[in-house]
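Enquirer: Following this message is one structure expressed as structure tokens.
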Amino acid sequence: MSAASVSIIATAMIEGRTVVLVTGPPLNGRDEYVQGAVSSCNEVAYYHLFKYMRQVAPRHGISNLTRLNVLSIGSSTLAGIRRDALLSIITEIKSSTKQLNLVSTPARFHVRASPHAPSGRVDGLLPSDLQLLCPDLIVTIIDDLINVRERLRADRDWQSRVDPSLKTLASWRADAISFIDENLSDLSLNVPHIIFARAHDHQTFCDLIERKKPIIYLSYHITGAGEEELRQKEQIRTRLQEHFVCLDPYTIKDWDIIHAYDQAVEAGKLSVGIGDVQLDVDEVEQAIDMIRTQTVTRDYSLINNAHATVVCHLSPDPSYGVMAELIHTVSQLSHPVYVLYPFLGRPSPFFEYYASPPEERIIRKGTKNEDLSALIDRLISRMLQDISRGVWTTWPQHPQPNSGPSSC
């Protein structure tokens, strides 16, 4: 039977079910996070692909598939094992009583070259696997590079396979994200791909995969933000979360690495301090360009997959990042923008130009004594009114659960 025939049959098998592919680079805590989140979600089934690969591996001559020997198996054998494992999962999804089904596996990463992987590239999925699974949503889970670096340095097996540096981990992240994006484009699959930080709370993950709430991107000052501003942002996020899926860019702390590196360079230091971790400035320097680029491209990707952008402008001072995100939302996507501006005065006319009409979209103090909670109430009221009036043109027009072979 051809791969195309298998894909058509398998897709038909999961008709009417919602399938979410959860992927990402190694050592980012993907499965630990998802297992913890599933208990908070409603009616969710979880399938760890490697578990099923171990079950079917004996059919392919591998009696005991482990995380130690999996990278030493020929690519064609591994592809066959993975295909049979996916078919087993799809069969279970068909008979499952759960409407929402999560399938977890890494996507692509690089290790030291070996006879079985001369380029060092390891694919946890192939394009044909994406077609076979035909997901309704893809979530790439990532964690702070510093956290992943600590896990890597505590794992002897992984240390023997890769250079345990920030550059390696930033490359892993880039590989995992680009693999999904490129294959979705090449296969012409209209599937949302969300880059999701592990630091988001479990409820945000549940809301995201259940797709019953619109998605918003939170834009706010990060550079130079004090504890009070971040506390106020968290107050706003908590209230918004009652109605929306809130994607928060500072759940990945790349800005902390960038800021600490810049400070070290200015001071002529040989080490970079990030929290309790000290890194050689040379290690950070080798990765810093990639980290800076990923900060921008990741945030733009989040904005692209959101239905609106909400700016928490808690400082009267401008922000390069906030302004860039505002312009991207309006100029590239024509998505609505809302601004919470807790001041009596007005922001820059250039800022107002992109948050138009400002009298509707910029929520600022009406009186000196109006508190933040009242402003949040007005913000939420305006957003919900606009949704009811059809202003949010991309909500709720997301793809429906698999409707058969035409989906893939």
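Enquirer: Note down, for the chain, the three equivalent ellipsoid semi-axes (square root of 5 times each alpha carbon gyration tensor eigenvalue), biggest first, whole angstrom. Don't skip to the end; give the middle numbers.
Expert: On the way: eigenvalues 301, 160, 54 Å².
Semi-axes, largest first: 39, 28, 16 Å.
Enquirer: Mind checking the full-extension length gain between Ala113 and Gln278? Use 0.36 nm per residue of separation minus the Cα-Cα distance, one decimal, nm.
Expert: Value of the extension gain: 56.5 nm.
Enquirer: Here's a follow-up. Between Ala324 and Glu266, what is the label-to-label distance in nm when each label sits 7 Å out along the Cα-to-Cβ direction?
Expert: 1.8 nm
Enquirer: What distance in nm separates the simple spin-label points at Ser185 and Asp256, each placed 7 Å from Cα in the Cβ direction?
Expert: So the two model labels end up 3.2 nm from each other.
Enquirer: Next up: Val44's amide H: which non-local residues (gap 5+, or another chain) put their own amide H closer than 5 Å, with H modeled 1.01 Å from N in plane and none for Pro or chain starts?
Expert: It is none; the list stays empty.
Enquirer: Right, here's the next one. For Lys94, which aspartates and glutamates qualify as cross-link partners when the Cα separation must be under 14 Å and same-chain residues fewer than eight apart are set aside?
Expert: Result set, ordered by chain and number: Glu15.
Enquirer: Spelling out what I want: for every residue of region 246-263, take phi, set θ = phi - 60°, compute 6.51 cos²θ - 1.76 cosθ + 1.60 (Karplus), and round to whole Hz; glycine and proline get x.
Expert: Residue by residue, region 246-263 yields 9, 8, 10, x, 7, 6, 10, 9, 4, 4, 5, 5, 4, 5, 5, 5, 4, 5 Hz.
Enquirer: If you restrict to DSSP beta bridges whose two residues both lie in the chain, what percentage is antiparallel, to the nearest 5?
Expert: 20 percent
Enquirer: Next question. Per residue of region 361-368, in order, report the coupling 6.51 cos²θ - 1.76 cosθ + 1.60 (Karplus, θ = phi - 60°) as ³J(HN,Hα) in whole Hz, putting x for Gly and Pro.
Expert: 9, 9, 9, 10, 4, x, 9, 4
Enquirer: Where does the chain land at 222 nm, in deg cm²/dmol rounded to the nearest 500, when only DSSP H runs of n ≥ 4 count, each adding -39500 (n - 2.57), divided by all residues?
Expert: Taking each H run of at least 4 residues, the total per residue is -14000 deg cm²/dmol.
Enquirer: Taking θ as phi - 60°, what are the ³J(HN,Hα) couplings along region 279-288 by the Karplus curve (6.51, -1.76, 1.60), each to the nearest whole Hz, with x for Gly and Pro?
Expert: 3J(HN,Hα) across region 279-288, in whole Hz: 10, 4, 4, 5, 5, 5, 4, 5, 10, 5.
Enquirer: Then there is this: Between the DSSP loop rule and a limit of at most 10 other Cβ atoms within 10 Å, which chymotrypsin sites (Phe, Trp or Tyr not before Pro) in region 305-389 are left?
Expert: Answer in residue order: no site qualifies.
Enquirer: Continuing with the same structure: Taking N as the number of residues in region 217-280, what is its alpha-carbon radius of gyration divided by 2.2 N^0.38 Å?
Expert: Taking the Cα Rg and dividing by 2.2 N^0.38 Å, one obtains 1.40.
Enquirer: Any idea what the alpha-carbon Rg over 2.2 N^0.38 Å comes to for region 1-212?
Expert: This ratio for region 1-212 stands at 0.99.
Enquirer: Students often get this wrong, so check it: of Lys51/Lys253; Lys213/Lys365; Lys167/Lys253; Lys98/Lys212, which have C-alpha atoms separated by over 25 Å?
Expert: Lys51/Lys253; Lys213/Lys365
Enquirer: Can you tell me the length gained on complete extension of the stretch Gln55 to Gln286, counting 0.36 nm per residue apart and subtracting the Cα distance?
Expert: 79.1 nm is the gain from fully extending Gln55 to Gln286.
Enquirer: Suppose the Debye formula is applied to equal point scatterers at every Cα of region 215-396; what is log10 I(q)/I(0) at q = 0.10 Å⁻¹?
Expert: Results for region 215-396 at q = 0.10 Å⁻¹ read -0.43.
Enquirer: Amide H of Arg364: which non-local residues (sequence gap of 5 or more, or other chain) have their own amide H closer than 5 Å, using H built in the peptide plane?
Expert: Those lying under 5 Å, H to H, from Arg364 are Tyr341.
Enquirer: For Arg17, what residues show an amide H to amide H distance below 5 Å, using hydrogens built from the backbone and excluding near sequence neighbours?
Expert: HN-HN under 5 Å from Arg17: Asn402.
Enquirer: Which whole-number percent gives the relative contact order of the chain, counting Cα pairs below 8 Å spaced six or more residues apart? Write down the numbers at each step before the final one.
Expert: Values: 623 pairs, mean separation 76.9, N = 408.
Dividing the mean separation by the residue count of the chain yields 19 percent.
Enquirer: Distance from a point 7 Å along Cα→Cβ of Thr77 to each backbone N in region 110-132: keep the residues under 19 Å and list them by number.
Expert: Counting backbone N atoms under 19 Å from the label point, the list is 113-126.
Enquirer: Antiparallel versus total DSSP beta bridges in region 215-396: what percent is that, nearest 5?
Expert: Close to 20 percent.
Enquirer: Over the alpha carbons of region 67-123, what is the largest minus smallest coordinate on each principal axis, giving the biggest first in Å?
Expert: 43, 18, 17
Enquirer: Can you tell me how region 97-217 classifies by the Cα gyration tensor, rounded, prolate or oblate, using a/c under 1.5 as the rounded cut?
Expert: Here region 97-217 falls in the oblate category.
Enquirer: Between Asn42 and Leu68, what is the label-to-label distance in nm when each label sits 7 Å out along the Cα-to-Cβ direction?
Expert: Here the modelled spin labels are 4.5 nm apart.
Read-outs throughout are calculated quantities, based only on the coordinates presented, and are distinct from any laboratory measurement. It should be emphasised that the depicted structure is a prediction, and the values quoted were computed from it without experimental measurement. Glycine also receives a Cβ, built like all others from the backbone with ideal geometry; neighbour counts cover every protein chain displayed.
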